[in-house]
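Visitor: Input: one structure, supplied below.
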Amino acid sequence: MTHVSKVARSLKLLGATLLVTLSSGLYVADAAAQPAADPAAAAKQAVAVRKAAFVLIANNFKPIGEVLQGKATYNQAEIVKRSERVAFLSLLLDGTFPDASNLGEPTTKSKPEIWAKKADFDKQIKEFQVNAAALAEIAAKESTASDAFKAAAKAVAEGCKGCHDAYKAK
C-alpha cells in the first residue's frame, strides 16, 4: 500500500470518527456556515464546531510539541498519525467563524478582532492549514526528529501561538 493510499485511508477513518463524534446535533464546518432557519442556532452551532475542532487539534498536536520540546522521543508512526490528524482537522476550521458567531458570550474566547480584521484572521487560518499539511508530509518522510521535522512542527506551533495572541482572549 502506498503512503498516499495509507494517508487517504487514515483520513477517511478519522473523518468518519469525527463525524460520529460531532453528530450529536453538530455538523462539520461547512454546514456551520450554511444559513439555517434560526440564525442564532446556526451561530451557536459554528461556535460548537470550532471549539470541538480546536480541542481535537490541541490534543493531537500535544505529542508533536512534546517531541519538539525534547520531552518525548520521536516515534514516526505516532507522529505521522498525529500530524495527519492535525492537517485534516485544520480544514474543518473553514466556515466556523461566520459573522453571526461573534456572539460576545463568555462561552467563547474569540476576540472581536477576528471579525474586525477578518482578512488577516482568514490568512492566518490558511497559513495554519498549509503548515499543518507540510508537517504531515515531512513526518511521513522523516524517521527521526530531523531539522526538517522540527522546522515544520515549529511553524505549526508558532501559527497557533500567533493566532491565539492576536485573536483569543486569555
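The numbers here are math on the coordinates, done by the rules we state, and not lab data. Predicted, not measured: the structure shown is a model, and the values here were computed from it. Counting neighbours? That spans all protein chains shown, and the Cβs are built from the backbone with ideal geometry, glycine included.
Visitor: By count of other Cβ within 10 Å, fewest leading, how are Glu66, Glu127, Glu84 ordered? Please report the intermediate quantities before stating the final value.
Guide: Working: Glu66 12, Glu127 16, Glu84 23.
Starting with the residue having the fewest Cβ neighbours, the order is Glu66, Glu127, Glu84.
Visitor: Here's something else I'd like to know. Using DSSP to call loops (not H, G, I, E or B), can you name the trypsin sites (Lys or Arg not before Pro) in the range 63-169 whose Cβ has at most 10 other Cβ atoms within 10 angstrom? Could you put the intermediate results ahead of the total?
Guide: Working: sites: Lys71, Lys81, Arg82, Arg85, Lys109, Lys117, Lys118, Lys123, Lys126, Lys141, Lys150, Lys154, Lys161, Lys168; in loops: Lys71, Lys109, Lys117.
Filter output for the range 63-169: Lys71.
Visitor: Still on this structure, please answer the following. Residue farthest toward the positive end of the dipole of the range 52-139, with Cβ of Lys/Arg at +1 and Asp/Glu at -1: which of Asn131, Phe97, Gly65?
Guide: Gly65
Visitor: Still on this structure, please answer the following. At a 10 Å Cβ-Cβ cut-off, how would you order Val55, Val47, Val67, fewest neighbours first?
Guide: Details: Val55 11, Val47 22, Val67 19.
Going from sparsest to densest Cβ surroundings: Val55, Val67, Val47.
Visitor: List the lysines whose Cα lies under 22 Å from the Cα of Lys111, skipping any in the same chain that are fewer than 8 positions away.
Guide: Once the sequence-local lysines are set aside, what remains near Lys111 is Lys44, Lys51, Lys123, Lys126, Lys161, Lys168, Lys170.
Visitor: Here's something else I'd like to know. What share of Cα pairs, in percent, lie more than 14 angstrom apart in the range 92-168? Walk me through the numbers before you get to the answer.
Guide: Details: 1901 of 2926 pairs.
Tail fraction, whole percent: 65.
Visitor: A follow-up question, please. In debye to the nearest 20, how big a dipole does the range 34-170 give about its Cα centre with +1 on each Lys and Arg Cβ and -1 on each Asp and Glu Cβ?
Guide: On the way: 20 positive and 16 negative charges, 66 e Å.
Once rounded to the nearest 20, the dipole reads 320 debye.
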